[in-house]
């Protein structure tokens, strides 16, 4: 009787272990193995996170993290010659392209929000920031309250678009909102006088300003109404792939390698024109590096 009980117990344990292994199997890694390629969603103008250099190569802080994850995928699958496809995306189409399998992972400048958790999955956060605005110095705009009854631009499909609509509804600010196709077009609206302010993630505004030959004509201003984080984005219900990506980011952050990457892209001259964002590592970022996590802050 005892022997039978032990045998049954062994079968149950083995069955449970097999079921657990199946649950942990990564559908994304399976797809990558079968196709012989991994598809990265990349941005064209999210300086210094993911953007084109003069040779139309994708470079940046986020892109460097994405390629570290690709290296781990190659190791995990024992596929050193794995093909890497780079697919340009926008703020509007990035989530649908993850959901339908066109791209396997996107490490650009995508805010991890609780609402987006219903649509996609996010890795450990790799950047924390505030939301501010860039204006012409002579605009008279100092803070968000000054945007009442003015024309304001942000990029379509971003959390800032939702924030501005919320401000209009809750504070009756009567802002006239423009939703541009990308960050470059958003800033163009300010440069040409069509909009008084471009509201966006703080570091992206520093990137936009640094590219201008007349950068001193512009001011990044405003008391940030929220703190947000970026994470790499991939399909939901794939704990195996998330574990792989989280592990890479955690190792980068706790080893000091992420801090070195940060110094390279935010405090030193970067391609293509040798601009320097002069955006030092914040106390919040230092804490994130010390204690990696995947929490949405909204």
Check your understanding: Taking residue 108, is it outside the structural domain of residue 195 (by TED's automatic domain parsing) and not in a strand (DSSP E or B)?
Key -> yes
Exercise for review: Report whether or not residue 225 is surrounded by fewer than 17 Cβ atoms within 10 Å (Cβ to Cβ) and more than 16 Å from residue 130 (Cα to Cα).
Suggested key: no
Review point. For the subset of segment 228-263 comprising residues that are in contact with a strand residue (DSSP E or B) (Cβ under 6 Å, 6 or more places away or on another chain) and not in a helix (DSSP H, G or I), which member is modelled with the lowest pLDDT?
Key: 228
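Here's the yes/no breakdown for (1) surrounded by fewer than 18 Cβ atoms within 10 Å (Cβ to Cβ); (2) on the phi > 0 side of the Ramachandran plot; (3) not in a strand (DSSP E or B):
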| residue | (1), (2), (3) |
| --- | --- |
| 66 | no, no, yes |
| 70 | no, no, yes |
| 73 | no, no, yes |
| 76 | yes, no, yes |
| 81 | yes, no, yes |
| 85 | yes, no, no |
| 101 | yes, yes, yes |
| 117 | yes, no, yes |
Review point. Based on what the data block shows, is residue 137 farther than 30 Å from residue 261 by Cβ, over 27 Å from the mean Cα position of the chain (by Cα), touching a residue at least 60 places away in the same chain (Cβ under 8 Å) and surrounded by fewer than 20 Cβ atoms within 10 Å (Cβ to Cβ)?
Key: yes
Exercise for review: For segment 21-31, state whether one or more residues are surrounded by fewer than 15 Cβ atoms within 10 Å (Cβ to Cβ) and at pLDDT 95 or above.
Suggested key: yes
Study note, to complete from the structure: If we keep only residues of segment 183-222 that are modelled with pLDDT of 95 or more and assigned to a loop (DSSP other than H, G, I, E, B), then the residue surrounded by the fewest Cβ atoms within 10 Å (Cβ to Cβ) is 192
Check your understanding: Which condition does residue 177 not pass, out of (1) in contact (Cβ under 8 Å) with a residue 60 or more places away in the chain; (2) in contact with a helix residue (DSSP H, G or I) (Cβ under 6 Å, 6 or more places away or on another chain), if it passes all the others?
Key -> (1)
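The values are calculated or read from the model by the stated rules, or taken from the named source; none is laboratory data. No experiment lies behind these values; they were computed from the predicted model shown. In this analysis, Cβ positions are derived from the backbone assuming ideal geometry, glycine residues included, and neighbour counts consider all displayed protein chains.
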